[in-house]
Structures are given as C-alpha cells and as structure tokens.
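Down below is the structure, laid out as structure tokens.
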Amino acid sequence: MATSRRDVLKLAGLALAGGSFPSIIIPSKTFAGVNSETLKVGLIGCGGRGSGAAKQALSADPNVVLHAMGDIFSDKLENSLAGLKKVHGDKVKVDEGHKFIGFDAYQKVLDSGVDVVLLATPPHFRPQHLEAAVKAGKHIFCEKPMAVDAPGVRRVLEAAKLAKQKNLSLVSGFCWRYDEPKRASFGRILDGAIGEVSTVYNTYYTGLLWSFPRKEGWTDMEFQLRNWMYYTWLSGDHIVEQAVHSIDMMSWAFGNKLPVSAIGTGGRQVRTDSLFGYIFDHFAITYEYPDGAKGFHFSRQQANTDTSYLVESLGTKGRAMVDCSKRVHEIYGANPWKYSGPSGDMYQNEHNELFASIRKGKPMNDGEWMCNSTLLAIMGRMAAYTGKRITWEQAMNSTEKLGPDTYTWNTAVPVAEVAKPGFTAFS
Ligand SMILES: NC(=O)c1ccc[n+]([C@@H]2O[C@H](COP(=O)([O-])OP(=O)(O)OC[C@H]3O[C@@H](n4cnc5c(N)ncnc54)[C@H](O)[C@@H]3O)[C@@H](O)[C@H]2O)c1
C-alpha cells in the first residue's frame, strides 16, 4: 500500500479541485496533513490500548512517525515510549520536548505539529480531547467508548459533524467493525440472510480486571485515575467501558436503527471491595425497538464465573451466531453459511484504513454510529441504576454530567454511593 508523494499530491489535488468532495470545506491544516510526505502521529493516553494503537499506526503506512506523546503520568508515558522504541526503532521520534505530562498534555500534543492523533485516555476525557483535536484540524483515531454521559455524547456528535466539514478522518476503536469475519457476518444479516431481525441476544461475561492498591502520597484524584475503570465518572461503568462492544454489534445487527427504550437491572453483588470504586458488577438490559424487536444484553465482571462474548441474532428466516471468544461466524436456517476467510488483525485494519483514507484524501467518519452505540450503553446503565424504563429521547437529552469540569491533583472527585434501583434518580 505504498503511496508515492506524487500519488498523494495527485489524489489530494483531485480533492482540492472538487473532483472527490465538491461540497466539503478543506482547511489548510487538514490539507497539509494529506500532502505531508511524513505523517506525524501524536499519542494521547499512553496506557495499554494507546501503546497498541501507536504500534498499529506506525505499521499502517510506510511514512509515519510518532512525534509527540501526552499522559498525566510520566511512568505511563516512559513505559510506553520504551516499548514502542523496541518495536519501531527510528519511527519513534519523540524527543524530550515532545513528551507532555499533565491534564493539559492533550493540548500540547495537538499544538506540537502532529497530523494524526490517537485518543486513548479513560473515556471521561474523550469529548474534551476529541473536540479539541477536531478544532485543531487533526485526523483522529479515538478509542471507544466516546463518552460516559449524554452531554459528552452530544459534544462528540457535534465534533464529528465538524470533522466531516473539515475533511478530517475520524475512526473509532469499535474494533469488531473492522474485523473481517464480523463484517462478513453482519453484512449477510443486513443483506437479509436471516430475514427480518427480531431478536438479538448478546453477552459480555468476563472475570476481574486489573487494580492498583493505594500508595502513600496519592490524592483521591490520583487513586481514582490509576483505577479509573471502577468510577462511573471516568469509565461510564463496565457496561459502557467494556460491554459496549457487544451492544455495538447488537446495534449493527439491527442496521444501526435506534431503540425506543431500555429497561433492565444490575447490581454489585460480588466485587464489593472499595478498591473497586462504586460501579456494578453485572447488568441485564432489554432494548425495545419500534417494531417489537428486542435486544437482550447481559454483562458481568465477576471472578470464577463462566465467560461468554457473543451476539446471536434471530430472524424470520434463520439465526446467526457471532461468537467472539470461540471465533464462530455461522448462519443457520434458509441460507446456511460459515465464514472461512482470513481472520486478519482488526486493530491493524483500523489504522490501515485510517491512514489510507488520509493518503487518498477520502475521509472516513464513524461519528454518528459510534456515538449512538455509546449512548445505547449509557442508556442501559441509566435503566439499571434507576430501575426505570428510559426512552432514547430521555437518554439523549439527559443533563447528567459526570465528574468535574476542571482537573488538578487536588480536585474533589466524586465518591458516589453505589446506585440503588428505585432510589437513584434519573436526570
Ligand atoms: N478497543 C479495544 O479493544 C480496547 C481495549 C482496551 C481498552 N480500550 C479503551 O481504550 C481506552 C484506554 O484503555 P486502556 O486499557 O489503555 O487504559 P490504561 O489505563 O492502560 O491507559 C489509559 C492511559 O491514559 C492516561 N490518562 C488518563 N487520563 C488522562 C488525561 N486526562 N490526559 C492524558 N492521559 C490520561 C493514563 O495515565 C493511562 O496511561 C479506554 O477507553 C478503553 O475502553 C479499548
């Protein structure tokens, strides 16, 4: 997929001439990105996924360098940098002046002359970082989920619209949408292989994840940030942070149509230690669609339990199984089928497609569906926390904004009670 500088200029020139995108505004910054011989990447959030995304970005195009990194913790940044240098050597050109630490590190990365940014912090910060990246005219890879609350989703939706107008690529980390077997399976479902889809059962049952016991000298802010998954204001709870993958695939099976409402339950039954903040450890949600169709979602993070990570779609002509753990992709009924093609690497595909789109001057934009899938998960959490049926309109218009607006190491952080269905109010 090597693209010569001449080809890039030619393709970019086509776009400029209006051949490809007659109605799109192409600001100079974006265009400079398209024309650059070397694409400079900035990483914001240098943890596990951010480091993985940087590796994939550096492998996605022959002429890409890592130019700047930002994190709130220097240990995370240095660890990531050392690992990336081992894998990518000279492609990692992050000098001392391009290592940024602190709550404003994201803005410094954006101001450092990068063309593409990788957003991989805890989800609470995604709306702020994504909006700033679009305003700064950067192409974006952003990890899922897009926000932890409805005001955040609305902010990302606006930023995604602006990205479209600015001819910027915006690719999401809903990685299964970039997985070849999933694309083949959901492609067939959407082509009618199982008839009209009436029911989508989906699971994300998993065990425990990492946690860091409190160290002397850590403020509450540092403790919560190091254990961000267990605080709803930072992660959205595990239905939003993790199980959203299955909910996103449920939505895919339904052709991304929106439900009318969600009702469900959940709780914190086993993982009750204060080390695990105040999130739930299980959810069960029914999504109610306008024509009577239903999506049934179940998730949990509990030790010593059976795991399951699948999406099973039932239609008027058959059934489709997509099992992520067992790698099963099959259709049963009137149009039997089994996936037998290559598996590929979905994480690499995300970046291959992002960088190809930049080189070709043909922007991608996952904006609308990535926000809707995030809101589906938030709506499920709202239904479980409150014990009430929550409509799509209520969820989308919710004014509940989680967490502080400004951040310092001594900012007071929410120490919320565990939600109690029937008592926790919707807002
Ligand atoms: N698509 C996938 O398969 C997948 C897998 C894992 C994680 N994720 C997503 O990736 C994101 C990161 O998850 P992770 O597992 O890498 O977590 P992580 O804790 O390993 O990394 C997060 C990093 O962000 C840094 N950070 C926190 N707040 C910041 C801020 N305000 N500014 C700059 N840096 C900040 C942290 O210090 C840390 O280094 C999450 O949204 C998660 O849901 C996606």
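The table below gives the values:
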| read-out | value |
| --- | --- |
| Matching residues in segment 95-105 - criterion: being in a loop (DSSP other than H, G, I, E, B) and more than 16 Å from the ligand (Cβ to nearest atom) | Asp95 |
| Unique match (being farther than 30 Å from Lys401 by Cα, more than 23 Å from the chain's Cα centre (by Cα) and of a type in the set (Ser, Thr, Tyr)) among Ser74, Ser112 | Ser112 |
| Selected residue (criterion: nearest to the ligand (Cβ to nearest atom)) from residues of segment 168-205 that are surrounded by 19 or more Cβ atoms within 10 Å (Cβ to Cβ) and of a type in the set (S, T, N, Q) | Ser172 |
| Qualifying positions in segment 402-426 - of a type in the set (Gly, Ala, Ser) and either at pLDDT 95 or above or closer than 20 Å to Phe254 by Cβ (or both) | Gly403, Ala419, Gly422, Ala425 |
| Among residues of segment 113-144, those that are under 21 Å from Arg359 (Cα atoms), of a type outside the set (Val, Ile, Thr) and part of a loop (DSSP other than H, G, I, E, B), counted | 5 |
| Unique residue being modelled with pLDDT of 95 or more, away from the ligand (no atom under 16 Å from the Cβ) and in the same structural domain as Lys360 (by TED's automatic domain parsing) when the list is Leu43, Leu39 | Leu39 |
| Meets criteria (closer than 30 Å to Asp149 by Cβ, assigned to a helix (DSSP H, G or I) and in contact with a Lys or Arg (Cβ under 8 Å, 6 or more places away or on another chain)) for Leu84 | no |
| Residue count for segment 36-79, restricted to those that are touching a strand residue (DSSP E or B) at 6+ places or on another chain (Cβ under 7 Å), at negative phi and small (Gly, Ala, Ser) | 8 |
| Tally of residues being away from the ligand (no atom under 15 Å from the Cβ) and closer than 21 Å to His124 by Cα across segment 60-94 | 0 |
| Residues that are touching a residue at least 40 places away in the same chain (Cβ under 8 Å), away from the ligand (no atom under 16 Å from the Cβ) and aliphatic (A, V, I, L, M), drawn from segment 323-349 | Ile331, Ala334 |
| Out of Thr386, Thr399, sole residue that is surrounded by fewer than 14 Cβ atoms within 10 Å (Cβ to Cβ), modelled with pLDDT of 95 or more and within 30 Å of Gly266 (Cα to Cα) | Thr399 |
| Condition broken by Tyr204, with the remaining ones in (1) outside any strand (DSSP E or B); (2) touching a residue at least 40 places away in the same chain (Cβ under 8 Å) satisfied | (1) |
| Some residue of segment 366-373 being at positive phi and either touching a residue at least 12 places away in the same chain (Cβ under 8 Å) or in the same structural domain as Phe254 (by TED's automatic domain parsing) (or both) | no |
| Residues of segment 162-201 satisfying the condition of being of a type outside the set (Gly, Ala, Ser), free of Cβ contacts under 8 Å to residues at least 40 places away in the same chain, part of a helix (DSSP H, G or I) and not assigned by TED's automatic domain parsing to the domain that holds Ala54 | Arg183 |
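The values are calculated or read from the model by the stated rules, or taken from the named source; none is laboratory data. All values derive from a computational prediction rather than experimental measurement. Backbone-built Cβ (ideal geometry, glycine too); neighbour counts: all protein chains shown.
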